[in-house]
Amino acid sequence: SQWAIQRKHLDHALFDKRYKVYMAVDKYLTAAINGDIHSGLKNFLSQTAHAEFLFGQDITDFLRDIQENSIVLAVVQHGIHEYLNSQHEYETGLIEDFQPPPNTMQTLNSQQTELLTWFIKNHKHRNEMFRDYLDLGAELPWYARLERDLNAFSDRLDKTFNRNNQEWPKSPTV
């Protein structure tokens, strides 16, 4: 029926939009794991900005977590860079005083390791998170199956009666 064709077209259009978000997540998680937080974050945010209209709260929360952890990781990496620069300047005589708080580098490295572990873990599980949204052959809820089956039954009845040039039986008048 026309309705079924339109529904399939809508499903495919929705799949295409969702798949673009999935690919943006995949690309960005890979970049983050490889240390390329800064250049990829802007693209990631623009490519996933409309995701709240395409996915449920689970994916929306996941995208927010990616953004928040990316910002924290960028701050941690900046702290590591500043620490190493200051240490190098002190060792080469460019600055006279270098007294960071104790365990600064250990704390920064620990935070970076924790965040990178989060990115790696979520990169591995991204397919599970997106599967229900990207599976065109996914099991439909009971009400959608009922609607599908009733439409198919109605179509078969129409074909049967049209094939035999019969009219629908009239209800008895009282």
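Scan (1) open to solvent by 40 Å² or more (accessible area, probe 1.4 Å); (2) in a helix (DSSP H, G or I) for the single condition LEU29 breaks and write down its number.
The single condition LEU29 does not satisfy is (1).
How many of the residues in region 32-52 are assigned to a helix (DSSP H, G or I), without any contact (Cβ under 8 Å) to a residue 60 or more places away in the chain and either of a type outside the set (S, T, N, Q) or surrounded by 13 or more Cβ atoms within 10 Å (Cβ to Cβ) (or both)? Explain how you work it out, then say what you get.
To start, the set of residues in region 32-52 that are assigned to a helix (DSSP H, G or I) comprises 32-33, 37-48, 51-52.
Add one more test, that the residue is without any contact (Cβ under 8 Å) to a residue 60 or more places away in the chain, and what stays is 37-48, 51-52.
Then keep just the ones that are either of a type outside the set (S, T, N, Q) or surrounded by 13 or more Cβ atoms within 10 Å (Cβ to Cβ) (or both); that gives 37-38, 40-45, 47-48, 51-52.
Matching residues across region 32-52 total 12.
The values are calculated or read from the model by the stated rules, or taken from the named source; none is laboratory data. Here the structure is a predicted model, which means the values were calculated and not measured. FYI the Cβ positions are ideal-geometry reconstructions off the backbone, even for glycines, and counts take in every protein chain you see. All accessible areas refer to the heavy atoms of the entire protein, side chains included, with ligands and DNA or RNA removed. Shrake-Rupley method; radii C 1.70, N 1.55, O 1.52, S 1.80 Å.
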